[in-house]
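K.L.:
Here it is, the structure in full.
The values are calculated or read from the model by the stated rules, or taken from the named source; none is laboratory data. Bear in mind that the values here come from a model prediction, so they are computed numbers and not experimental data. Reconstructed Cβ throughout: ideal geometry from the backbone, glycine too, with neighbour counts over all protein chains shown. The accessibility values were calculated without ligands, DNA or RNA, using every heavy atom of the protein model including side chains. Shrake-Rupley method; radii C 1.70, N 1.55, O 1.52, S 1.80 Å.
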Amino acid sequence: MSMSIEISFSKSAKVTGGLAVATGTLAEPVSASARAVGASDQLDKAIKVAGFSGKSLTTVDLLAPANSPADRIAIVGLGDLDKLEAHDWMRAGGKIFTLIGKVDKVTVLLGDQEAPSAEATADMALGLLMRAYAFDAYKTKKGDDDDAGVRKVKIVFQHSNATACKKAFTIREAVAGGVELARNLVNEPANVLGPVEFADRAKALEALGMEVEILTEKDMKKLKMEALLGVALGSVRPPRLAVMRWQGAKPKDQPVAFVGKGVVFDTGGISIKPAAGMEDMKGDMGGAAAVIGLMHTLAARKAKVNAVGIIGLVENMPDGAAQRPGDIVRSMSGQTIEIINTDAEGRLVLCDALTYCQEKYKPAVMIDLATLTGAVMVALGQHHAGLFSNDDELSQALVKAGETTRERVWRLPLGPDYDKMIDSKFADMKNTGGRYAGSITAAQFLKRFVGDTPWAHLDIAGTAMGSPSTEINQSWASGFGVRLLDELVRANYES
Ligand code: MN
Ligand code: ZN
């Protein structure tokens, strides 16, 4: 049985059964609101026995005494209140989710003197929602019961300024929706989500007031996107380019643009990958998923910005019609590319999408996201995405947004020495630069297609999928990039 969470805020919420959750701090492990649910003695005993001190993300969970209005009482430690940032509140929200158990009603008591701000309360609710995400659509048996139904759980946050909480939460709901969308797309298997189906998901964003245009193979042939089209040759499923536009600012304001790699499945093509772990390549559209998720969020919270999201959607398969190593293709920009390894396909998809984006929309900045190289995991593990940029200001803004959201990025170098590594004997460039500095040479390749536009490339191969579980994500697909770029837009580009 899966869970559907309904969140609300109320000034006068009374505990009537279910779980009552209060917060504790280092200064005051058992808050007055915890005592108010009538279990003072039990709580004092429990925190002693459990050694609970209010330390961050520790919990005490106990059956309520007979005279309490609650069935269960729990305390979630927050640690040192003065040090808490938005992300800490989100993690506390995630922790609350883990306490739900079998109850269908949770009252979170925040009515203390040290009550969190409305923003912090809304952050807690967001963290709870993100933690609650589960991709279980294909499980016909869920857990130990055979009931495939959905269990509704009501979460009420008791806060003295419920109206402000609600307002702050509306924005975060838009964020949660975008993250959920991105996670769903990455988790979804490739037999269900081909390029055409993926483009339909983009088209569905029209419901939020976005303009969405889908370019077909024929349209892309006219535009001479031979690099992107070359990747799709081995698949029976035709490629698509989806263009999403959100106009939240003055019509003439230059847009910010986001470009995503959407390889719905990457076998490697003729340069086929080994079998072990190849199933993970259903996630090779993590960049495109993040772009759709971000566009959803911007539209849902009516961001005062003009934004363009462009995603290149292809499937990379080996086949009699597939492109070969040694082939030379002409990109939309006119530059020619020698294919050395058909598994270095992401950059071939992105280069034409980047050219199209600049020529058509003349963006103020252009940021691409791609699960581009395994090498970025060798360099940074799964805790930072690789950042490459031709613009220091944009880089700094991205690093800052990464710290705020904890979707962290780490800047790696670009330069002429690396650029030389992709020069080709037969064409303007080749699509790989060899084993060394694999993430950097991939970025150098993209840089050849961005001209003077301030640009950043995020290599999210290590962070979009299979990254370690956290208090706010237990899913294989993390939705990485949605919160990062939403924060970037909020802090830098909204009027
Ligand atoms: Mn590949
Ligand atoms: Zn790939």
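The rows are residues; the columns are (1) in contact with a strand residue (DSSP E or B) (Cβ under 9 Å, 6 or more places away or on another chain); (2) over 14 Å from ALA288 (Cα atoms); (3) within 16 Å of ligand 1 (Cβ to nearest atom); (4) at pLDDT 95 or above.
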| site | (1), (2), (3), (4) |
| --- | --- |
| GLN335 | yes, yes, no, yes |
| GLU338 | yes, yes, no, yes |
| LEU354 | yes, no, no, yes |
| GLN382 | no, yes, no, yes |
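K.L.:
Tell me whether region 230-251 contains one or more residues that are within 22 Å of THR371 (Cβ to Cβ), within 13 Å of ligand 1 (Cβ to nearest atom), under 27 Å from the mean Cα position of the chain (by Cα) and modelled with pLDDT of 95 or more.
P.N.:
Yes, the conditions are met somewhere in region 230-251.
K.L.:
Something else: Name every residue in region 114-141 that is assigned to a loop (DSSP other than H, G, I, E, B) and farther than 17 Å from GLU180 by Cβ, in order of residue number.
P.N.:
Selection gives GLU114, ALA115, PRO116, SER117, LYS139, THR140, LYS141.
K.L.:
Okay, next question. Just give me the residues in region 437-455 being of a type outside the set (Phe, Trp, Tyr) and in a loop (DSSP other than H, G, I, E, B), in sequence order.
P.N.:
Across region 437-455, the qualifying residues are ALA437, ARG448, VAL450, GLY451, ASP452, THR453, PRO454.
K.L.:
On to the next question. Quick one: THR463 ticks every box in (1) at pLDDT 95 or above; (2) open to solvent by 10 Å² or more (accessible area, probe 1.4 Å) bar one, so which box is it?
P.N.:
Status for THR463: all satisfied but (2).
K.L.:
Across region 24-45, which residue is farthest from ILE171 (Cα to Cα) among those that are outside any loop (DSSP other than H, G, I, E, B) and open to solvent by less than 20 Å² (accessible area, probe 1.4 Å)?
P.N.:
Residue satisfying both the conditions and the ranking: LEU43.
K.L.:
Also: Taking the conditions exactly as written (under 34 Å from the mean Cα position of the chain (by Cα), modelled with pLDDT under 95 and either on the phi > 0 side of the Ramachandran plot or not in a strand (DSSP E or B) (or both)), does GLY111 satisfy them or not?
P.N.:
yes
K.L.:
Mind listing whichever residues of region 332-359 are assigned to a loop (DSSP other than H, G, I, E, B), open to solvent by less than 10 Å² (accessible area, probe 1.4 Å) and away from ligand 2 (no atom under 13 Å from the Cβ)?
P.N.:
Answer for region 332-359, where residues must be assigned to a loop (DSSP other than H, G, I, E, B), open to solvent by less than 10 Å² (accessible area, probe 1.4 Å) and away from ligand 2 (no atom under 13 Å from the Cβ): just ILE339.
K.L.:
Another question, then. Among (1) more than 12 Å from ligand 1 (Cβ to nearest atom); (2) open to solvent by less than 30 Å² (accessible area, probe 1.4 Å), which single condition is LYS362 missing?
P.N.:
With (1) more than 12 Å from ligand 1 (Cβ to nearest atom); (2) open to solvent by less than 30 Å² (accessible area, probe 1.4 Å) applied to LYS362, the lone miss is (2).
K.L.:
Of the residues ALA275, ALA322, ALA307, which is in contact with a strand residue (DSSP E or B) (Cβ under 7 Å, 6 or more places away or on another chain), more than 17 Å from GLN444 (Cβ to Cβ) and more than 12 Å from ligand 2 (Cβ to nearest atom)?
P.N.:
Result: ALA307 is the single residue among ALA275, ALA322, ALA307 that is in contact with a strand residue (DSSP E or B) (Cβ under 7 Å, 6 or more places away or on another chain), more than 17 Å from GLN444 (Cβ to Cβ) and more than 12 Å from ligand 2 (Cβ to nearest atom).
K.L.:
Read through the list (1) surrounded by fewer than 22 Cβ atoms within 10 Å (Cβ to Cβ); (2) out of contact with any Leu (no Cβ under 6 Å at 6 or more places or on another chain), then give the number of the only condition that GLY286 fails.
P.N.:
Only one criterion in (1) surrounded by fewer than 22 Cβ atoms within 10 Å (Cβ to Cβ); (2) out of contact with any Leu (no Cβ under 6 Å at 6 or more places or on another chain) is unmet by GLY286, namely (1).
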